[in-house]
Amino acid sequence: MSNSTLGNSSSSLPAGWRWVKLGEVCEFNAPRPKDFTRSADAPTTFVPMAAVNERLGAISESKIRPYSEISKGYTYFKEGDVLFAKITPCMQNGKHAIARSLIDGIGFGTTEFHVLRSKGEILPEWVHFFIRQPYFLQEAINYFTGAVGQQRVPENFLANYCIPLPPLPEQKRIVARVQELMQEVESARTACEEQLEAAKALPSSYLRQVFESDEAKKWERRRLGEVARYINGCAFRPEEWKRTGMPIIRIQNLNAPSALFNYYDGEVEDRYKVHNGDLLVSWSASLGAYVWERGDALLNQHIFKVEEYSNLALRDFLYFIVNYAMEEIKEHIHGATMQHITKPEFERLYIPVPPLPTQQRIASELKKKMTQAEKLKAAIEKQLETIKALPQAILKKAFSGEL
């Protein structure tokens, strides 16, 4: 990589600000002083990559090791140094922090850190907030060096990158304001995530209210194998998958609408064909019942297609009762590489089966509640995405002098 200036140093800045290369205001990866001494058993702060909280951009779980264990083969830094994770995917995930609360003001960490130390005219927080900006991390990807899977950001990229630099008093004012706003954003995000978890728990709560009620205790109980017939999917081999033909339903196509399909263009028995409205049950990995609503497709192994006995159970009722029974079903799963439940085990499980009119009423009521819960979850997820975008907007304003 050339030593040319990087960053948008041609754009205008507020009065008193100037563009500087990081290498002009920071020292990079400074070694320990030659006269540095420390007793071998002295407790010393150690920061592995896992100790950096990428969401907060802070060291959250540092370790304490005897100095002799970490004095060689690790990266040295001092209190106030900025740690920048240089390796993928830690770099783009945001594992960057300021070294704080170090024992005796020094620490050691993974060799996958670049260490940036202010030369005096730039605050560590100013550097830290700048390098955590998504656009900066995205640009750093373009300068990766090394083999795929072990790619790293070279020191050269950081040293030659231009950043806006206001006078120290202005840096302090803006940093204080950014920290205040970031704390507010984090509080809002935490509260929103708690609301989202509560919304996600509503469907299970609704199912328990119905199937653990006093009314449900009076219902007749039947084995799953008595109320419906279950067809296991066809074992399509990967070498048979095509780019055209009829889509094959795999487990990921059940719980991830955006998951790509594989296709099969050969002859298939009718029993392996799935149509809109069919009830499917994943019996391995992501256990659960699903109503298929994505057009004609083929049933793959690890999935049951449910064919109901109309004189005992309605499809919509079965959908809800099977999802309710999943906690019990999970107690019967086994397997080392892929956990699953066998078809005979599944069919032997008991479920409450009320009269058909009661099933119809329950299914109708649960549908309404589940739709409301889904709308609530979607609204909270949208709100959460808005909150997650706030730090980027705050930092953009901070480094353009608008804060």
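Here are the numbers for the structure shown:
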{"read-out": "Count - residues of the range 140-154 that are crowded, with 16+ Cβ neighbours inside 10 Å and not in a loop (DSSP other than H, G, I, E, B)", "value": "2"}
{"read-out": "Extreme residue, surrounded by the fewest Cβ atoms within 10 Å (Cβ to Cβ), among residues of the range 1-56 that are among the charged types (D, E, K, R), at pLDDT 95 or above and closer than 22 Å to ILE122 by Cα", "value": "ARG18"}
{"read-out": "Among residues of the range 88-122, those that are under 23 Å from LYS21 (Cβ atoms) and β-branched (Val, Ile, Thr), counted", "value": "3"}
{"read-out": "The range 351-403, residues that are loosely packed, with under 14 Cβ neighbours inside 10 Å and not in a helix (DSSP H, G or I)", "value": "PRO355, ALA389, GLU402"}
{"read-out": "Filter pass, THR110 being under 29 Å from the mean Cα position of the chain (by Cα) and either under 30 Å from ILE362 (Cα atoms) or surrounded by 18 or more Cβ atoms within 10 Å (Cβ to Cβ) (or both)", "value": "yes"}
{"read-out": "Candidate set from the range 334-346 (those that are among the aliphatic types (A, V, I, L, M) and under 26 Å from the mean Cα position of the chain (by Cα)); member that is modelled with the highest pLDDT", "value": "MET338"}
{"read-out": "Unique residue being under 18 Å from PHE28 (Cα atoms) and hydrophobic (A, V, I, L, M, F, W, C) when the list is VAL148, VAL115", "value": "VAL115"}
{"read-out": "Test: VAL178 is touching a Leu at 6+ places or on another chain (Cβ under 8 Å) and outside any strand (DSSP E or B)", "value": "yes"}
{"read-out": "Inter-residue pairs, beta-carbon under 7 Å, first in contact (Cβ under 8 Å) with a residue 60 or more places away in the chain and in the range 232-257, second in a loop (DSSP other than H, G, I, E, B), 6+ apart", "value": "ASN232/GLN301; GLY233/GLN301; GLY233/HIS302; CYS234/VAL268; CYS234/GLN301; ALA235/GLN301"}
{"read-out": "Residue in the range 116-125 that is part of a helix (DSSP H, G or I), within 24 Å of PRO391 (Cβ to Cβ) and assigned by TED's automatic domain parsing to the domain that holds THR37 present", "value": "yes"}
{"read-out": "Qualifying residue in the range 264-284 (condition: free of Cβ contacts under 8 Å to residues at least 12 places away in the same chain and over 31 Å from the mean Cα position of the chain (by Cα))", "value": "yes"}
{"read-out": "From the options ARG177, ARG100, residue that is of a type outside the set (A, V, I, L, M, F, W, C), surrounded by fewer than 17 Cβ atoms within 10 Å (Cβ to Cβ) and farther than 22 Å from ALA15 by Cβ", "value": "ARG100"}
{"read-out": "Cross-chain or 6+ apart pairs with Cβ under 7 Å, the range 29-43 first and on the phi > 0 side of the Ramachandran plot, then of a type outside the set (Ser, Thr, Tyr)", "value": "ASN29/HIS114; ASN29/VAL115; ASN29/GLU155"}
{"read-out": "Leading residue by the ranking (nearest to GLU184 (Cα to Cα)) among those in the range 337-350 that are out of contact with any His (no Cβ under 7 Å at 6 or more places or on another chain) and part of a helix (DSSP H, G or I)", "value": "PHE346"}
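The values are calculated or read from the model by the stated rules, or taken from the named source; none is laboratory data. Just so it is clear, the model here is predicted, and its values are computed rather than measured. Every residue, glycine among them, receives a Cβ derived from its backbone with ideal geometry; neighbour counts consider all protein chains shown.
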